[in-house]
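Novice: Take this structure, written in structure tokens, and hold onto it; I'll ask about it next.
The values are calculated or read from the model by the stated rules, or taken from the named source; none is laboratory data. Note that the structure is predicted; figures quoted are calculated from it, not measured. With ideal geometry, Cβ positions are generated from the backbone for all residues, glycine too; neighbour counts draw on all protein chains shown. These accessible areas exclude ligands, DNA and RNA; they are computed on the full protein's heavy atoms, side chains included. Shrake-Rupley method; radii C 1.70, N 1.55, O 1.52, S 1.80 Å.
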Amino acid sequence: MVSTREIMSRLRSKAFLISTGILLLIAVGSVVAGGVMSANPSTTKVAVVGTASAAVGESSGLTAVPAVDLAAAEELVRDGTVEAAIVPDDSLIGVGVIALDSPPSAVMNALSISPAVELLDPAEQGGFLVYIVALGFGLVFFMSALTFGSTIAQSVVEEKQTRVVEILMSTIPVRALLAGKVLGNSIMALGQILAIALLVGIGMAVTGQRVLLADLGPAIAWFAVFFAFGFVMIAALFAATASMVSRQEDVGTTTAPVTYLVMIPYFAVIFFNENPLVMAIMSYVPFSAPVGMPVRVFLGTAEWWEPLVSLVILALTTAAVILFGSRIYRNSLLKMGGRVSYKQALRG
């Protein structure tokens with residue numbers, strides 16, 4: 001006969017596989033959609049000056065529009081006659097690209113070389129693109145933290161309900177028990193994040209979205225680092241709050257405050273992704289920094305030192321939460337019956 005513990009274990013395994021599958025499908029879908037949107041079945045017009053026409057001649061998908069000099073090429077770019085201009089320069093490649101307000105992805109993807117891009121009138125990142133990137137970070141953080149956090153909470157209550165925790169506490173320290181539970185799920189959650197990041201990177205490279213990948217790469221790297229610390233903090237809170245009850249039916253109510261903390265960054269980026277002040281605040285608040293700071297890195301609005309300062313704040317907060325959570329966890333585990341109040345959990 002299958003025990004309740006085995007059933008819960010199987011359910012948690014299925015939840016992990018389902019959440020991972022959903023996130024990977026979303027990642028693949030986003031990359032494919034981006035590739036389709038960036039693909040240009042018709043030829044793209046580019047102005048060429050002098051010997052730069054040789055670079056266009058080797059690239060399919062580009063139609064060369066001759067310009068007598070650099071000024072004429074820039075004028076064609078400004079009036080919209082061409083997408084960009086390819087001109088001779090003194091670099092090792094021998095040519096450069098001139099565009100109006102943003103790197104011309106269609107032109108860069110069509111060229112067999114990667115010349116430097118000069119923008120005549122640089123613009124900020126497009127609103128829709130920023131929204132998609134912010135939503136992606138928020139959704140991944142929300143789903144991963146909630147899935148693995150709920151797994152930790154259910155595991156804690158299950159061990160308490162079946163009194164397995166009494167056996168465990170007689171052999172290992174409570175803090176070691178909490179650390180093992182948190183670190184084990186943190187490694188799985190981070191592995192999920194790294195798999196998604198790798199899939200997105202490979203997908204963009206395969207679909208020719210090299211320009212977007214170059215812009216998004218640093219933000220993804222910072223997201224992985226911030227997520228590693230942020231999830232440990234969230235996991236410790238899920239374990240601590242779940243230890244205050246002895247029935248699976250009560251897990252939802254006692255872990256609700258932590259769930260709200262996970263949801264806040266997700267909804268904040270939906271409604272305030274274009275608000276610089278809100279995003280700046282989010283990038284320093286520990287519970288939202290794993291989403292807010294990577295978005296600012298992508299936008300280029302964060303100074304080089306800001307992610308480091310935010311990460312230090314997050315790491316210190318995580319350490320404090322672990323100490324606070326371990327106290328609640330230790331004082332609540334052996335109290336059977338009804339729900340343990342915060343006052344009882346803190347006093348022991």
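Novice: With 15 Å as the cut-off, how large is the P(r) tail for segment 201-289, expressed as percent of Cα-Cα pairs?
Specialist: Tail fraction, whole percent: 70.
Novice: Considering only the other residues whose Cβ falls under 9 Å of the Cβ of L120, what net charge follows from Lys and Arg at +1 and Asp and Glu at -1?
Specialist: Result for the neighbourhood of L120: -3.
Novice: Probe of 1.4 angstrom, ligands and nucleic acids ignored: what's the accessible area per residue over segment 83-199, in square angstrom?
Specialist: The answer is 45 Å² per residue.
Novice: Also: What aspartates and glutamates does K181 reach when the alpha-carbon gap must be under 15 Å and sequence neighbours fewer than 8 apart in one chain are set aside?
Specialist: E158, E159
Novice: Run the quick spin-label model on T253 and A205: label points 7 Å from Cα toward the beta carbon, then report their separation in nm to one decimal.
Specialist: 5.2
Novice: Additional query: Enumerate by residue number the GluC sites (Glu not before Pro) in segment 232-311 meeting two conditions: DSSP loop (anything except H, G, I, E, B), and at most 11 other Cβ atoms within 10 Å of the site's Cβ.
Specialist: Of the GluC sites (Glu not before Pro), the ones in loops of segment 232-311 whose Cβ has at most 11 other Cβ atoms within 10 Å are E303.
Novice: Can you give me the % of accessible surface on segment 87-182 that is carbon or sulfur? Probe 1.4 Å, all protein chains present, nothing else counted.
Specialist: Here it works out to 60 percent.
Novice: Something else about it: Points 7 angstrom from Cα along the Cβ direction at V117 and Q161: gap in nanometres?
Specialist: Spacing of the two 7 Å Cα→Cβ label points: 5.4 nm.
Novice: Please report the equivalent ellipsoid semi-axes of segment 145-236, computed as sqrt(5 x eigenvalue) of the Cα gyration tensor, largest first, in whole Å.
Specialist: Semi-axes, largest first: 37, 12, 9 Å.
Novice: Which FRET efficiency value, to the nearest 0.05, do you get for E306 and A221 by plugging their Cβ-Cβ distance into 1/(1 + (r/R0)^6) with R0 = 25 Å?
Specialist: Rounded to the nearest 0.05, the efficiency is 0.95.
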